[in-house]
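Some notes on the structure that comes next.
The values are calculated or read from the model by the stated rules, or taken from the named source; none is laboratory data. Remember, predicted model here, so these are calculated numbers, not experimental data. Positions of Cβ are backbone-derived with ideal geometry, glycine not excepted, and every protein chain shown enters the neighbour counts. These accessible areas exclude ligands, DNA and RNA; they are computed on the full protein's heavy atoms, side chains included. Shrake-Rupley method; radii C 1.70, N 1.55, O 1.52, S 1.80 Å.
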Amino acid sequence: MPPRAPLVHIHDHALPDADFSRLWRKVRALGTERLRQTYQTTFWFDLGEPTNIVEQIILELRPRVPLRRGLAGVEWWFSRMRTTDVQVDFHQDRDEKLALRGGPLVHPRFTSLLFMNSVRGGALAVTKALPCEDNPSLAPDTADFDLVAPRPNRFAYFRGDLTHGVLDANNQIPDGKLPGTSRLRVTLVMNWWGQRPTDIPTFNESKVYRSLALPPAGRTR
């Protein structure tokens, strides 16, 4: 039997070194701003004129995602957590607020991540299997994962309806907090949508992470 096609597509050195360094410097400068709400701090970008450094980077990365038609924009946020205390279960990305209101299940076209740094463990695990509520971290019963190790300036993307999660500092399925501590695992997450998700603000509407904003003269494509 031939090997199955990979679920995740990976591009190393995805950005020019100078652009990646500038982005990483700005992200580090956020410090602890909304660190505990990192997964609830999401933004919508319609791929028009960028208002912040992340939106500039999204436009640079757009050619790496195989979407040419029917793309409304990108929902983006930062994932910042320690691999000794993984803060996210296995899941499928969806229009979260629509689903919580009882609406239909709508997935992005593609999910993508730009890894900002290397850490102990913390691999991204992607699978076609569904999450299971009976398992730690809602991990699927079948551990048939594509794994992606965090590396600076590594860009990965996969189909938006696939299950994915983060492994712990030992690259095992998280099952509680591990002893000790680890550095923050930082990624820029970008979901590419055919329609705007429900009630996701733009960067300017949100009034947070203001240090990422571009000066007026820098708002060019």
Residue pairs within 6 Å by beta carbon, gap of at least six or interchain, first lying in region 130-146 and within 12 Å of GLN172 (Cα to Cα), second part of a loop (DSSP other than H, G, I, E, B) and β-branched (Val, Ile, Thr), listed first then second, are PRO136/ILE173; SER137/ILE173; ALA139/ILE173
Residue pairs qualifying under the 6 Å Cβ cut-off, at least six apart or on distinct chains, with the first in region 89-113 being touching a residue at least 40 places away in the same chain (Cβ under 8 Å) and the second being open to solvent by less than 40 Å² (accessible area, probe 1.4 Å) and charged (D, E, K, R), are VAL106/ASP95; PRO108/ASP93; THR111/ASP93
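Based on this model, can you work out whether GLY194 counts as open to solvent by less than 60 Å² (accessible area, probe 1.4 Å) and over 17 Å from VAL74 (Cβ atoms)?
Values: open to solvent by less than 60 Å² (accessible area, probe 1.4 Å): yes; over 17 Å from VAL74 (Cβ atoms): no.
Spelling it out, it is not the case that GLY194 is open to solvent by less than 60 Å² (accessible area, probe 1.4 Å) and over 17 Å from VAL74 (Cβ atoms).
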- Would you say PHE43 is at pLDDT 95 or above and touching a Ser or Thr at 6+ places or on another chain (Cβ under 7 Å)? yes
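In region 4-19, what residues are touching a helix residue (DSSP H, G or I) at 6+ places or on another chain (Cβ under 9 Å) and either open to solvent by less than 30 Å² (accessible area, probe 1.4 Å) or touching a residue at least 60 places away in the same chain (Cβ under 8 Å) (or both)? Quick ask: steps written out before the conclusion?
First, the residues of region 4-19 that are touching a helix residue (DSSP H, G or I) at 6+ places or on another chain (Cβ under 9 Å): 9, 11, 13-16, 19.
Within region 4-19, HIS9, HIS11, HIS13, ALA14, LEU15 meet the criteria.
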Of the conditions (1) farther than 19 Å from ALA125 by Cβ; (2) part of a loop (DSSP other than H, G, I, E, B); (3) at pLDDT 95 or above, the single one that VAL86 does not satisfy is (1)
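Name every residue in region 198-221 that is touching a Lys or Arg at 6+ places or on another chain (Cβ under 7 Å) and crowded, with 16+ Cβ neighbours inside 10 Å, in order of residue number.
Within region 198-221, LEU212 is the sole residue that qualifies.
To keep it simple, each residue is scored yes or no on (1) closer than 14 Å to PHE155 by Cβ; (2) open to solvent by 20 Å² or more (accessible area, probe 1.4 Å); (3) without any contact (Cβ under 8 Å) to a residue 12 or more places away in the chain; (4) not in a loop (DSSP other than H, G, I, E, B).
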{"residue": "PRO2", "(1), (2), (3), (4)": "no, yes, yes, no"}
{"residue": "SER21", "(1), (2), (3), (4)": "no, yes, yes, yes"}
{"residue": "VAL27", "(1), (2), (3), (4)": "no, no, no, yes"}
{"residue": "TYR39", "(1), (2), (3), (4)": "no, yes, no, yes"}
{"residue": "VAL54", "(1), (2), (3), (4)": "yes, no, no, yes"}
{"residue": "GLY70", "(1), (2), (3), (4)": "no, yes, no, no"}
If we ask which residues in region 28-81 are over 16 Å from the mean Cα position of the chain (by Cα) and among the hydroxyl-bearing types (Ser, Thr, Tyr), their number turns out to be 2
